[in-house]
Amino acid sequence: MPYNNHNDDEILITHPCYRGSSSHSPLSTCPPYCDCEFPKTTAVASYTGHIPDMSKCRCGEDDPATHTVHWNWHECSDSDTVIKGQDVTFHPTYSQGTAIVRGEQPLAAGMMHFWEIRILTALSGTDVMFGIGSDKVDLTQFKHNFVSALGTNSDTWGFSYEGKIHHNGVHLKYGQKFSQGCVVGVLLDRIRGELEFFLNRRSLGVAYTNIPNDPALKLYPMVCSTAAKSCIRLMNATSQLECLQLRAFRALAKQPKALQELRQLPGLKTILNDYWFLTPPVRYSRESKANEYDMLDEAVLSSKSRLSRKHKYKDDDIDDINDLYSNAHKIAVHQNDSEDELVLSEYFDEYFQYLF
């Protein structure tokens with residue numbers, strides 16, 4: 001079990017979307033990443049065509065010329081999904097359970113992997129999750145059950161749209177609830193065995209440090225959904241070999257002032273392009289513009305916070321709680337089911353959520 005000696009009020013806040021009326025009162029749902037046009041729920045419910053075509057990109061992020069995709073989605077004939085290029089539509093008619101999709105290629109050991117997913121439709125229902133899983137996962141095992149599929153056992157790790165992380169049956173508070181228009185990023189370090197999630201291109205901190213680095217174990221990117229006509233799009237996916245250059249840039253990426261100087265050196269342009277995901281460009285929608293942080297101030301804030309409270313979730317070692325370097329800068333708190341607010345939509349079949 002993960003180590004925890006903190007209460008709910010001690011969650012560290014570093015993501016700009018958390019800024020509310022007080023330091024302990026985050027906004028209810030993370031604002032969209034940009035001001036692109038996304039379909040309304042009522043329109044999606046009655047639409048019979050390819051739902052991702054209803055979204056209209058204005059920011060240029062959907063331009064294939066601006067991103068690299070090293071893998072695509074694996075098509076499973078028994079899964080209740082429609083895969084068209086980089087788009088996935090879950091439960092295209094109605095939902096009677098949980099659908100899971102995975103990438104077509106395993107994420108090799110000894111490398112760092114990063115991918116981003118744009119959420120095209122409003123999320124609701126039991127769960128919509130993003131994460132990873134091994135080749136032992138049966139993609140159809142929950143096709144007739146509404147569950148949080150990623151994290152039910154030791155073979156999967158997931159980040160829920162409710163803002164929680166799940167693994168081996170344990171779910172922890174981690175970030176903020178998110179939905180349509182948001183961008184979820186996943187950074188898998190298969191050298192150190194770390195899994196980190198991003199929301200609208202801002203890191204939420206290292207979620208897990210227990211990812212196996214055994215080359216024989218095949219791990220895949222995964223997404224699961226119980227919501228009818230829910231759609232996501234793979235924006236980009238890159239993998240980089242482990243090397244000293246990569247490690248040095250990752251350390252430098254945590255120092256905004258030094259990074260700004262580095263950007264002015266023309267000879268390092270290629271390196272910056274290869275490792276762009278360690279310092280991804282950030283956009284703001286009109287809704288979230290008021291929550292914008294100055295990047296330098298945020299870096300100072302988060303570095304000071306990391307010195308105050310630490311938490312590391314590692315299956316085989318929970319004694320090294322004072323290891324400030326490897327611990328996440330985000331405190332994960334045990335889920336307390338009795339304190340959760342009841343959500344009306346969870347008591348209905350995912351298909352009928354369009355009626356409310």
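The values are calculated or read from the model by the stated rules, or taken from the named source; none is laboratory data. Keep in mind the model is a prediction, meaning the values are calculated, not measured. Cβ: placed from backbone, ideal geometry, glycine included. Neighbour counts: every protein chain shown. Just the protein is used for accessible areas: all its heavy atoms, side chains included, with ligands, DNA and RNA removed. Shrake-Rupley method; radii C 1.70, N 1.55, O 1.52, S 1.80 Å.
When residues of the range 103-126 are filtered for being open to solvent by less than 10 Å² (accessible area, probe 1.4 Å) and part of a loop (DSSP other than H, G, I, E, B), how many remain? Here the count works out to 4.
Each residue in the range 38-61 was checked for being closer than 23 Å to P92 by Cβ and either in a helix (DSSP H, G or I) or touching a Lys or Arg at 6+ places or on another chain (Cβ under 7 Å) (or both), and 11 of them qualify. If the condition is being outside any loop (DSSP other than H, G, I, E, B) and either under 22 Å from N145 (Cα atoms) or open to solvent by 40 Å² or more (accessible area, probe 1.4 Å) (or both), then the range 68-102 contributes V69, T81, V82, I83, K84, V88, T89, F90, A99, I100, V101, R102. Counting only strands (runs of 3 or more DSSP E) that fall entirely inside the range 190-277 and contain at least 1 residues that are touching a strand residue (DSSP E or B) at 6+ places or on another chain (Cβ under 7 Å) and charged (D, E, K, R), the qualifying elements are 194-199, 230-241.
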